[in-house]
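Undergrad: Input: one structure, supplied below.
The values are calculated or read from the model by the stated rules, or taken from the named source; none is laboratory data. In this text, all values refer to a predicted model and were calculated from it rather than measured experimentally. Please note: Cβ atoms are built from the backbone with ideal geometry, for glycine as well, and neighbour counts cover all protein chains shown.
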Amino acid sequence: MEAGTPQVVKLEDLHMPGQLTGRKHILSIQVENKPGVLARVAGLFSRRGFNIDTLAVGPTDDPSVSRITLTLDGAVHPIDQVTKQLHKLVNVLKIRDMAPEETVAREMALFKVSSAVENRAEIIQFAEIFRAKIVDVARRTMTIEVTGSADKIEAFERMVRPHGLVEMVRTGEIAIGRGHD
Amino acid sequence: MRAADTLMESLKAEGVKDVFGIPGGANLPTYDAMVDAEFRHVQVRHEQGGGHAAEGYAQASGRVGVAFATSGPGATNLVTAIADAMMDSVPTVFITGQVRTELIGTDGFQEADILGATLPFVKHSFAVTDPRQIPEYVHEAFHLASTGRPGPVLLDIPMDLSRADIDYQPRTEPVELPGYKPSTEGNIKQIRIAAKALANARRPIFYTGGGVINANASEELRELAGSDRFPVTSTLMGLGGFPASHENFLGMLGMHGTYAANHAMDKADLIVAIGARFDDRITGKLEEFAPHAKVIHIDIDPAEISKNVGAHIPIVGDAKQVLPKLTREYRALQTDTSRLDEWWNTLRGWQQEHPLFYDESSDQSGEIKPQFMIRAMHRATQGDAIITSDVGQHQMWTAQYYGFDKPRRWINSGGLGTMGFGLPSAIGAKVACPDEQVVCIAGDGSLIMNIQEMATCVAEDVPVKVFLMNNGYMGMVRQWQELFWDRRYSSVDMGTSPDWVKLAEAFGAKGMRCEDAADLEEQMVAALEHDGPVLLDARVAREENCYPMIPPGNAARDMVEAPRGSQVS
Ligand SMILES: Cc1ncc(C[n+]2csc(CCOP(=O)(O)OP(=O)(O)O)c2C)c(N)n1
Ligand SMILES: [Mg+2]
């Protein structure tokens, strides 16, 4: 018969693809820039019991479109079901499940660490290793800005925590597809 | 033109002929404009009634149902109907008034965030922020409600904006929503694979749902099923999508489905799900559901595919477009029909050995058995009425015993299971189809929940017939308490019920009572012949249980039938 369909379809040969991918996914979602859209997306996640690991929202190059970047665990959630549910929201325009190898993903975090005179030098050294920036220095604390993958930020956190982490703020990852030559 | 008048113009442009609702402060401009509108406004007695009436209207006719309410309590009274329409995919538009723009967010008088409250169960919603949006949003709302997988759309209009003066030109171009493009055609390659899988199936079954009715695809389904004696079972919502009297029909499946239908699912090697969503009332214990079957799933909503039960062959599309293609592809394969003989032998065996049954000993005279009541209703209406239902045992018995042969004749609350749905939805159905017989089969627990709509029937001259299956109990809950909670009855006895005959009369309707099976059919005929609304209070056996039943959390093959001792034949 026509190309593309097998001659015979035996039932025992029919298989179902697995639902869980077992890895972290970054979904880049373009939505209409209208009031209430974030509530619709967030509400969908809580209602269906999908757990978001991080969420970042911001404008795009088109003022009528905003971008929501969120990360979630494909070992727990069937990503296909998540994206299909998201697509049902009328204000959702486009969803990309970013392939890790073709994606540049970045997150920024601010760390306020206690910096007694004894460990100040060490913290500055950590910052240098991580190519982080010291953005504020006070008598008892120092604030450091780190940009990178979520892994890098978590590694930095592990380094400074023993020295007294006063506060940490993370943006959640944003991502963009790599350019092609 | 005043924005509220453009609302009426836009509704007219959408072909609206009837709407339901109640006015209030925040939608005064709308109701002022309504005075000159060319469509009928049915003044219901409670906004929930208006919402369910809109649903019944839509389900009976296939046209979008419309309900209005004012802000605050008016809007929150609609919430149950909106959730109900979402669960059962009913094309509806709900138009609420909102407080004046400058009051929004201040907890102003009768302010409620209805958009926020209904967010989890609307197909979409619009908050008007500029009066010029009104005509545009109306068209978008109708487009969304009625296309793809249908559902409820909410339009919330602040009072000041509906009073504003705007330029109005009738809209001519079709609605374009960049984030909304339902795929309807079905991937032809997938359809071919499905046809070939069907050709190799030895124990196939079609499992059809409300999607068939929404898609108006009954004819197409019959063609496909008839192309090779495929057995068909239907969900509660799908009844009438395939004729109950057709020889291929196995009856309803699921918690109160037939033995044959449930065992066919259990033993099938191929399930073709069409516009059905593998709800827990169908699957029972999910891990043990249809253990031998591969699944072809045809649905307009891609998110339903592999949501609960994985599909081996997913086909996203409108059943009306997909089914004829599947029939064509299947016919082209010219398969050998006799390969289904063995399967049909099994199925016929199950049908013969395990039919629906009840104790018929009092059917000639004496105690009215609920099942007999449904059979009497079938005879009295020649099986051809639009039947709306409340929620409970009476609903399940109707689904089992009425035998719906046509689509849009069975209107009930399947997904949400809303008691009190029957009477208002009957009003909607009767307004939509004035030439049809419309009967509400009611439960005594349910009917009282929206009994105020009897007043609507009388005042608005909507002659629906309410056949009350009066068992003096919230019977379905009683049944569960009897079977699964050691017969510890807790708040299920209705105690001193109202005198339903007098109650009907107090509303200005006709009230009737029947206590003997011998008189029932005759009384039903009399009720149907009376030219006005009637409430017929039929006193039925109080503690009858609805069987067969798959106990909650069990697999289909563990279904329980009525105790044989009660069978007399
Ligand atoms: C609004 C609402 N409240 C509670 C329930 C739970 N419920 C399901 S069936 C039922 C009893 C219905 O009683 P009745 O209308 O008399 O029907 P019967 O089962 O006796 O035929 C109840 C309380 C429900 N489905 N809907
Ligand atoms: Mg009852």
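Undergrad: Name the residue, out of B:465, B:430, that is crowded, with 24+ Cβ neighbours inside 10 Å, among the basic types (Lys, Arg), closer than 17 Å to residue B:500 by Cα and in contact with a strand residue (DSSP E or B) (Cβ under 7 Å, 6 or more places away or on another chain).
TA: Going through B:465, B:430 in turn, the sole match is B:465.
Undergrad: Please count how many residues of segment B:413-460 are part of a loop (DSSP other than H, G, I, E, B), in contact (Cβ under 8 Å) with a residue 12 or more places away in the chain and either of a type in the set (Ser, Thr, Tyr) or away from ligand 2 (no atom under 16 Å from the Cβ) (or both).
TA: So the count comes out to 10.
Undergrad: Ok, one more. For segment A:84-139, please list each of the strands (runs of 3 or more DSSP E) lying entirely inside it that holds at least 3 residues being surrounded by 16 or more Cβ atoms within 10 Å (Cβ to Cβ) and modelled with pLDDT of 95 or more.
TA: Fully inside segment A:84-139 and qualifying: A:92-98, A:103-114.
Undergrad: Among B:62, B:49, which is the only one that is within 16 Å of the chain's Cα centre (by Cα) and surrounded by fewer than 19 Cβ atoms within 10 Å (Cβ to Cβ)?
TA: B:62
Undergrad: Taking residue B:338 and the conditions (1) modelled with pLDDT of 95 or more; (2) closer than 21 Å to residue B:197 by Cα, which numbered condition does it fall short on, given that it satisfies the others?
TA: Failed condition: (1).
Undergrad: While we're looking at this one, here's another question. Taking the conditions exactly as written (touching a Leu at 6+ places or on another chain (Cβ under 9 Å), of a type in the set (D, E, K, R) and over 30 Å from residue B:120 (Cα atoms)), does residue A:122 satisfy them or not?
TA: For residue A:122, the condition - touching a Leu at 6+ places or on another chain (Cβ under 9 Å), of a type in the set (D, E, K, R) and over 30 Å from residue B:120 (Cα atoms) - is not met.
Undergrad: Being β-branched (Val, Ile, Thr) and either within 16 Å of ligand 1 (Cβ to nearest atom) or in a loop (DSSP other than H, G, I, E, B) (or both) is the filter here, so list the residues in segment B:355-410 that pass it.
TA: Residues satisfying the conditions are B:368, B:374, B:381, B:387, B:388, B:391, B:398.
Undergrad: Take the conditions over 17 Å from residue B:447 (Cβ atoms) and either touching a Ser or Thr at 6+ places or on another chain (Cβ under 7 Å) or assigned to a strand (DSSP E or B) (or both) and apply them to residue B:518. Does it pass?
TA: yes
Undergrad: Does any residue of segment B:468-478 turn out to be more than 21 Å from the chain's Cα centre (by Cα), surrounded by fewer than 22 Cβ atoms within 10 Å (Cβ to Cβ), at positive phi and within 16 Å of ligand 2 (Cβ to nearest atom)?
TA: yes
Undergrad: A further question on this structure: Which members of segment B:132-163 meet the condition of being outside any helix (DSSP H, G or I), within 24 Å of residue B:32 (Cα to Cα) and away from every other protein chain (no Cβ under 12 Å)?
TA: Passing the criteria: B:132, B:155, B:157, B:158.
Undergrad: Just a yes or no: is a residue in segment A:51-62 within 14 Å of chain B (Cβ to nearest Cβ), farther than 23 Å from residue A:170 by Cα and over 15 Å from the mean Cα position of the chain (by Cα)?
TA: yes
Undergrad: Could you grab me the full set of residues in segment B:122-131 that are in contact with a strand residue (DSSP E or B) (Cβ under 9 Å, 6 or more places away or on another chain) and either within 9 Å of chain A (Cβ to nearest Cβ) or among the acidic types (Asp, Glu) (or both)?
TA: Residues satisfying the conditions are B:123, B:124, B:125, B:127, B:129.
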